[in-house]
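Each remark here refers to the structure printed beneath this line.
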Amino acid sequence: MSVYLDCNATTPLEPQVIDIMRQYTEYDFANAGSRTHEFGNIAKSAVEKAREQVGMVVDTDKSDVIFTSGATEANNLAILGLEMYANSEDRRHIITSAIEHKAVLEPIEVLASRGFEITLLQPNESGVISPYDLAKTLTDKTVLVSLMQANNETGVIQPLEEYASVLEGHEAYFHVDAAQGYGKEITALLNRRIDLISCCAHKLYGPKGIGALITRRRKYKRPPIEPLMYGGGQERGLRPGTLPVHQIAGFGKAAELAIQNHTERKDACLKIKQKALLALGSLPIKYHGTSNALASTLNFSIDGVNSEAAIIALKGIAAVSNGSACTSSSYTPSHVLQAMRLSDSEIEGALRLSWCHMTDFIPWDDIARVLDSLR
């Protein structure tokens, strides 16, 4: 049986998360919107507890948490939801980067097609977006800056606190796609200058299909987001529909466990990374972004090794990937690695290995042997 090394695509569920989801699937299964009986009130209480747990990860009030179907929907709501405000203020400039997830880039492309001006910041060869470049491109027409916390392909952690310093005193809203870093890299997301945070449960040992947009107040006012869908008024009118109580409760438990255990989890992942670097060290390998990356991620190319061939050769040993799961149905070269100015052969050979604190024994020597045989 292969060891699972694709945790950046989705993580396994924590046992405590499974237990609480079972409770709200089998027993306390009522609709949280049913206010006329105690069953609905139990479900509503579970939602509000989870809202508080999710907010606590970034030290914000539960009223700032809007549940969504995942980080993709949260990104769309944060970006497209500002369109009406931007038009009313005649501020139609958006700054983002070339390494963002497609769930950020594609909504921004929609706004570009509607006349918005887009500045696409380029990373350095380590995959980092420079705060200096952000400062150079800010104008009085900038309405939104959208920059990720940690890259899903390389694991590179971006300097959010430096971006926040650049934006201090500027009116632009600062949105962070924190899908990969939420609950793992805690400190940066506590910065109050970050107005909008997108996150999801399934990168944090919780269920798929649930996420949140966190909307912090600035001078007691929330970001002027307008809904993308209508019909029911749930989630402060920003996201209608019956709430999936079991998924929300699972997300809440996952967030609670992240606060309690993130240091121990990170240490466990770092030990795994050290073993990987030791085992792979004898190969002609080029790492992409290891100096400032998540403890749970390695992205690399080996001279002469094609990633598709490697994935096939590693079947039965390790399940790995060569890019984002969200764009893998039709393989195209990674826009992230292209932006980092890697050569064509390096991009074609790039592999992403990602694990977590629950990952079982990894046969690194076998993985190295297989990769070496493909050269």
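Structure data summary
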| item | result |
| --- | --- |
| Extreme residue, positive dipole direction of the stretch 15-256, given options His175, Ser69, Thr154 (C-beta unit charges) | Ser69 |
| Fluctuation leader among Ile20, Ile79, Ile210 - the chain, Gaussian network, Cα springs under 10 angstrom | Ile20 |
| Dipole of the chain, positive direction: furthest Cα of Thr242, Thr290, Tyr205, with charges on the beta-carbon | Thr242 |
| Shape category assigned to the stretch 170-250 from the gyration tensor of Cα positions, a/c cut at 1.5 | oblate |
| Helical mean residue ellipticity (222 nm; -39500 (n - 2.57) per DSSP H run of 4+; nearest 500) of the chain | -11000 deg cm²/dmol |
| Prolate/oblate/rounded call for the stretch 52-189, Cα gyration tensor, a/c under 1.5 rounded | rounded |
| Selected from Tyr230, Tyr85, Tyr205 as most flexible by GNM, with the chain as the system and alpha-carbon contacts under 10 Å | Tyr230 |
| Charge dipole (debye, nearest 20) of the stretch 15-256; +1 at Cβ of Lys and Arg, -1 at Cβ of Asp and Glu | 560 debye |
| Among Ile194, Thr96, Ser113 the positive-end extreme of the charge dipole of the chain (Cβ point charges) | Ile194 |
| Flagged links, alpha-carbon separation over 24 Å, of Lys49/Lys203; Lys62/Lys102; Lys136/Lys266; Lys136/Lys184; Lys184/Lys208 | Lys62/Lys102; Lys136/Lys266; Lys136/Lys184 |
| Burial order of peptide ranges 350-363, 29-42, 303-316 (average beta-carbon count within 10 Å, highest first) | 350-363, 303-316, 29-42 |
| For the chain: relative contact order, % (alpha-carbon pairs under 8 angstrom, 6 or more apart) | 24 percent |
| Fewest-first ranking of Met56, Met340, using other Cβ atoms within 10 Å as the exposure measure | Met56, Met340 |
| Prolate/oblate/rounded call for the chain, Cα gyration tensor, a/c under 1.5 rounded | oblate |
| Cα centre as origin, Lys/Arg/Asp/Glu Cβ charges: the stretch 251-375 dipole, Debye | 220 debye |
| Span from the the stretch 111-153 Cα centroid across to the the stretch 230-289 one, whole angstrom | 24 Å |
| DSSP-defined beta bridges in the stretch 15-256 - what % are antiparallel, rounded to 5 | 45 percent |
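Read-outs: derived from the displayed coordinates by stated rules, not from any lab. Small disclaimer: the values here were computed from a predicted structure and weren't measured. Cβ atoms come from the backbone with ideal geometry, glycine included; neighbour counts cover every protein chain shown.
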